[in-house]
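Below is one structure, written out as structure tokens; comments come after it.
Bear in mind that the values in this text are calculations on the coordinates, not laboratory data. Keep in mind that what you see is a predicted model, and the values were worked out from it rather than measured. Note that we place each Cβ from the backbone using ideal geometry, even for glycine, and neighbour counts take in every protein chain shown.
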Amino acid sequence: MTVPIYILSGFLGSGKTTLLQQMLENWKAEGKTPAVVMNEIGDVNLDGMMLDGDVAMAELLSGCICCSNRADLGMELYNLIQSGEPDVIIIEASGVANPVEILDAVTEISLYHRMELRNLITVVDAMHLWELYEQQQGKTYRLMQEQIRAASILIVNKSDLVQPEQLTQIQEIARRWNPYAPMYTTVRCELDRALYEEAHPSLAADSSVQAEVAMVAENTTPNAGTNATHSHADNHTHDEHCGCHSAAIEDDSTTAEMAASTEATSSETSAHQHEHNHDHDHKHAGLHHSHEHVMVYTHYFEQPINSEAFERLIASLPSEVYRAKGILTFSDTKSRFLFQYAYQQSDFMKITPQKEVPDVAVFIGEHFDKRHIQEQLQLLEQQETSL
Ligand SMILES: Nc1nc2c(ncn2[C@@H]2O[C@H](COP(=O)(O)OP(=O)(O)OP(=O)(O)O)[C@@H](O)[C@H]2O)c(=O)[nH]1
């Protein structure tokens, strides 16, 4: 039997885990055995902690599948198939991963193992796309374009947070960037499973995406092969780079260097792939390809803190922090909470973790002052001790 693989792509906080949870529930209700590969740019897999313990899960932490963890992806997929015999595997890519690179990796692996890439689903945060489109620049904008272009299924999510007339324009932008993938507009990724279970032709053997993957594998420029199919009315740059450069990630003071993102030409694409092959050399040589950085700060709490003070801190996060999540015990409530912060929206949910998990918060963004966040959190802890 061939195991279908689904890749979930989409920028940080767009709703990938929300969709993953629904897919898992649907398949389990059908009596199927799903397995998951979770990829996080940070060193803690909070989303994984929230999944049912009975789902086989592999974790690729502290980097993007498309960068340093790429070789591990093959190994993890192989191990999942050998050990658990899953009926289906879902790969949740990190929010800053370039899906074309992941497609490439999965396609390569499926040549040797009984797996079949079924769909690459890109989840888009509607408001985030809207605002990035207005700016028309930046690495996040280009990465989101890549994620939309590579999709075989597009989900325009968080539609509850935009006006109906904005939504129409957002759908038009996404459609221009990817005229082929079926597009669904959702709130909390609610979608009939028949809509994502069916393999879409854009991932079929003779598809443009497959051709693109083959060309990437051959170190030629994907642009040359995609012009005919992924034509872009608005002529934006086609950036072949992923959003992170995971070799640059450091432990606690985690820093993932963003890959250089200028217009991708044939030689640049090859150079980029060359970079990927030599991540470690570059790390040790201290070479950097860009001045921009994705940064991760992970804070392990030593004691419960006040919930209101923490909420105030989250509400005052600088715009450079575009994603935060964590599990916390508060001194003024009985329950533990999962908190989520994505694109200026925060959410607190009571939880009962299935296994022992520490109190931890992860902050992801660009150029933010990690030390300042650390000091603010430590202050909240100290305030509790002094009471
Ligand atoms: N208002 C609103 N919130 C949503 C919607 N979908 C997801 N969320 C919330 O957005 C936050 C991020 O959702 P996730 O599913 O964790 O996003 P993600 O893409 O997995 O995030 P990363 O793993 O960090 O990349 C959570 O608090 C969700 O509850 C939606 O349609 N509307």
_Computed FRET value (nearest 0.05) for Q135 with M1, which takes r as the C-beta separation and R₀ as 35 Å_ = 0.15
*Mind listing which trypsin sites (Lys or Arg not before Pro) in the stretch 35-124 are in a DSSP loop and have 14 or fewer other Cβ atoms within 10 Å?*
R114
*asked:* List the lysines whose Cα sits under 23 Å from the Cα of K139, skipping any in the same chain fewer than 8 residues away.
replied: K16, K158, K283, K325, K370
*For the residue pair Q82 and E302, what label-to-label distance in nm results when each label sits 7 Å from Cα along the Cα-to-beta-carbon direction?*
4.3 nm
*At 0.36 nm per residue, minus the direct Cα-Cα distance, what do V187 and E165 gain on full extension? Give it in nm, one decimal, please.*
6.3 nm
*Give the calculated FRET efficiency between E116 and D43 to the nearest 0.05, with a Förster radius of 30 Å applied to their Cβ-Cβ distance.*
0.40
*Residues whose placed amide H lies under 5 Å from that of N39, excluding near-sequence neighbours*: L60, E92, S94
*Give the long-range amide H neighbours of R336: residues separated by 5 or more places, or on another chain, with amide H under 5 Å away, using H modelled in the peptide plane at 1.01 Å from N.*
I351
*Once both labels are modelled 7 Å past Cα along the beta-carbon direction, what's the E197-R176 spacing in nm?*
3.6 nm
*If you take the Cα Rg of the stretch 295-385 and divide it by 2.2 N^0.38 Å, with N the number of residues, what do you get?*
1.01
*Using θ = phi - 60° and the Karplus relation 6.51 cos²θ - 1.76 cosθ + 1.60, list the HN-Hα couplings for the stretch 137-147 in order, rounded to whole Hz, with x at every Gly or Pro.*
7, x, 5, 5, 4, 5, 5, 5, 4, 4, 5
*asked:* With θ taken as phi - 60° and the coefficients 6.51, -1.76 and 1.60, list the Karplus ³J(HN,Hα) couplings across the stretch 5-20 in order, rounded to whole Hz; mark glycine and proline as x.
replied: 10, 10, 9, 9, 10, x, 5, 3, x, 6, x, 4, 5, 4, 5, 4
*GluC sites (Glu not before Pro), restricted to the stretch 298-327: which are DSSP loop and have at most 14 other Cβ atoms within 10 Å?*
E302, E320
_Suppose the chain between Q382 and K32 were pulled fully straight at 0.36 nm per residue; how much longer would it get relative to their current alpha carbon spacing?_
121.2 nm
*Would you please give the residues with an amide H less than 5 Å from that of F301, counting only those at least 5 places away or on a separate chain, with H modeled from the backbone geometry?*
D359, V360, A361
*In the stretch 6-58, which GluC sites (Glu not before Pro) fall in coil by DSSP and have 13 or fewer other Cβ atoms within 10 Å?*
E30
*In whole Hz, what ³J(HN,Hα) sequence does the stretch 176-184 give by Karplus (6.51, -1.76, 1.60; θ = phi - 60°), x for Gly and Pro?*
5, 6, 9, x, 9, 6, x, 10, 10
